[in-house]
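The values are calculated or read from the model by the stated rules, or taken from the named source; none is laboratory data. Not measured: the values here are computed from a predicted model. Backbone-built Cβ (ideal geometry, glycine too); neighbour counts: all protein chains shown.
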């Protein structure tokens with residue numbers, strides 16, 4: 001099956017439209033990630049968790065800048081939901097940080113697990129169609145996986161209600177991806 005072109009059926013978006021939707025949703029996701037970390041940094045004070053969040057926030061800002069450049073270069077319309085993600089991302093970050101450093105880290109684990117699968121699927125689809133974009137997505141996926149590991153190293157899994165919190169954040173992340181792809 002490797003090397004086969006995906007079948008395009010009547011009513012399916014054109015390949016260029018699918019790539020534009022990927023750029024749109026990834027731009028929205030990286031924007032949301034920066035806002036989550038902004039919210040966490042507004043609450044977290046000193047300590048190892050704050051330093052880790054600061055480092056992850058810097059990487060997310062670099063990812064966002066790359067997708068902002070792609071949005072401009074390829075003339076992709078950003079999601080119409082960006083004002084919502086501005087508020088929702090910050091609120092999620094602040095709320096999890098208010099629950100404690102471990103809960104803030106649990107938020108990172110949940111989001112990164114969704115993004116891992118999302119970016120892997122995109123990279124697989126783009127491998128032949130747009131190798132440069134696929135490579136960028138793979139590199140960013142690697143960064144996201146490192147964020148997950150850092151969060152686990154900071155006690156994310158020890159958060160009270162870890163499974164429930166993670167499930168809720170994952171559901172919200174999947175919904176945000178679905179909505180940002182379309183709007």
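Total residues in the stretch 124-150 satisfying the condition of being within 30 Å of residue 76 (Cβ to Cβ), assigned to a helix (DSSP H, G or I) and either under 14 Å from the mean Cα position of the chain (by Cα) or touching a residue at least 24 places away in the same chain (Cβ under 8 Å) (or both): the figure is 16.
Taken over the stretch 36-50, the criterion of being over 15 Å from residue 96 (Cα atoms), touching a residue at least 12 places away in the same chain (Cβ under 8 Å) and either in contact with a helix residue (DSSP H, G or I) (Cβ under 6 Å, 6 or more places away or on another chain) or not in a helix (DSSP H, G or I) (or both) is satisfied by 47 alone. Filter the stretch 151-161 for residues that are assigned to a helix (DSSP H, G or I) and crowded, with 17+ Cβ neighbours inside 10 Å; which is nearest to the chain's Cα centre (by Cα)? Filtering the stretch 151-161 for residues that are assigned to a helix (DSSP H, G or I) and crowded, with 17+ Cβ neighbours inside 10 Å, the one nearest to the chain's Cα centre (by Cα) comes out as 151. The condition (being surrounded by fewer than 18 Cβ atoms within 10 Å (Cβ to Cβ), without any contact (Cβ under 8 Å) to a residue 24 or more places away in the chain, assigned to a helix (DSSP H, G or I) and over 13 Å from the mean Cα position of the chain (by Cα)) is satisfied by just one residue among 72, 86: 72. Going by what's in this entry, would residue 45 be described as closer than 22 Å to residue 146 by Cα and surrounded by fewer than 20 Cβ atoms within 10 Å (Cβ to Cβ)? No; evaluated as a whole, the condition is false for this residue. Flag: residue 173 does not match the condition of being in contact with a helix residue (DSSP H, G or I) (Cβ under 6 Å, 6 or more places away or on another chain), at pLDDT below 90 and surrounded by 14 or more Cβ atoms within 10 Å (Cβ to Cβ). Scanning the stretch 128-150 for residues that are over 24 Å from residue 47 (Cβ atoms) and surrounded by fewer than 16 Cβ atoms within 10 Å (Cβ to Cβ) yields 128, 129, 131, 132, 135, 139, 142. The residue of the stretch 51-68 that is farthest from residue 102 (Cα to Cα), among those that are crowded, with 17+ Cβ neighbours inside 10 Å and without any contact (Cβ under 8 Å) to a residue 40 or more places away in the chain, is 64. Scanning the stretch 103-122 for residues that are under 16 Å from residue 27 (Cβ atoms) and either over 11 Å from the mean Cα position of the chain (by Cα) or surrounded by fewer than 17 Cβ atoms within 10 Å (Cβ to Cβ) (or both) returns a single hit, 122.
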